[in-house]
Every structure is written in C-alpha cells, then in structure tokens.
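Just so it is clear, none of the values below were taken in a lab; they were calculated from the coordinates. In this text, all values refer to a predicted model and were calculated from it rather than measured experimentally. Methodologically, a virtual Cβ is constructed for each residue, glycine included, from the backbone with ideal geometry; neighbour enumeration extends over all protein chains shown.
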C-alpha cells in the first residue's frame, strides 16, 4: 500500500468512529522500533477533549489497532526513508478536513504521554 492509500484508509477509519457531537477527531502517537504509544481522542463542539470509553468490548479499540498498523506501514514508506518521523498527529474535522503532522524526536528526548515535542523543548 502506498502512502496515499494509507492516508485515505486512515481517514475512512477515523470517520467511521467520529461521534455526532464531535467537532474533530485526533489520533496521535510516538512510534519507535521497540516502543510505541498512540491513541484516539475527540473534541466536542465546545472545544473539550474527550476519550472513548476503555474496557471490555470497546469498539474503538479495533479501529485504533487498524490505524496503528497503517501508521507503522506509513512510517516505512519510501517517502520517509531519508527522514523517518517518530511522532505523528492526525486530525479529521466534521467537515472532512484531514491533516497529518510529523516530527522527528529521538527516543532519548521522548517521554510517555509527550507528543510532538522533545523533553528539551519543555520549560
């Protein structure tokens, strides 16, 4: 699958779980060879960040796993061969606007729960 197909598939998967009351849905994470952390959150019309419920039979978990596989495949696409990213942020709005942002942050400069910034960037 090439990068454009991956983008389209990710957008479709996110659209499939976008709550009616959401303004946008976000998938973000950090991806290293032996360590990764990622998840989906959504923003309501008032701007509050929300998470999907966790636990047994969470239907969003399956979608998150599918997106995770696609993101790992995307990271290995030839367009990223010279400058592989390690952090990713994806946003899909209720108006179908799709945005992906990438950052390279070394694993030594990364921290669980910290996305798109390095430890040395913090005050």
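Quote the relative contact order of segment 61-123 in percent (integer), defining contacts as alpha-carbon pairs under 8 Å separated by 6+ residues. Don't skip to the answer; put the middle values down first.
Working: 54 pairs, mean separation 13.9, N = 63.
After rounding, I find 22 percent.
Once you put a point 7 Å from the Cα of residue 37 and another 7 Å from the Cα of residue 21, both along the Cβ direction, what distance in nm separates them?
With each label placed 7 Å out from Cα toward Cβ, I get 2.8 nm.
Treating the angle as unsigned and between 0 and 90°, give the value, to the nearest 10°, between the Cα long axis of helix 3-17 and the longest Cα principal axis of the chain.
Between the helix axis and the principal axis of the chain, the angle is about 30 degrees.
Using 0.36 nm per residue of separation minus the Cα-Cα distance, give me the extension gain between residue 2 and residue 83 in nm, one decimal. Provide the component values of the computation, followed by the final result.
Details: separation 81, 0.36 × 81 = 29.16 nm, distance 1.69 nm.
Result for the pair: 27.5 nm of gain on full extension.
Calculate the spin-label point distance for residue 91 paired with residue 76, positioning each point 7 Å from the Cα along the beta-carbon direction, and give it in nanometres.
3.0 nm
Quick one: compute the contact order of the chain, relative version, from alpha carbon pairs under 8 angstrom and 6+ residues apart, as a percent. Mind showing how you got there, number by number?
Working: 167 pairs, mean separation 31.1, N = 123.
So the answer I get is 25 percent.
Could you give the angle, 0 to 90 degrees to the nearest 10, between helix 59-75's Cα long axis and the longest principal axis of the Cα atoms of the chain?
Its long axis makes an angle of about 30 degrees.
When the helix-only estimate is applied to the chain (DSSP H runs of n ≥ 4, each -39,500 (n - 2.57), divided by the residue count), what is the mean residue ellipticity at 222 nm, nearest 500 deg cm²/dmol?
Values: 2 runs with 32 residues, N = 123.
About -8500 deg cm²/dmol.
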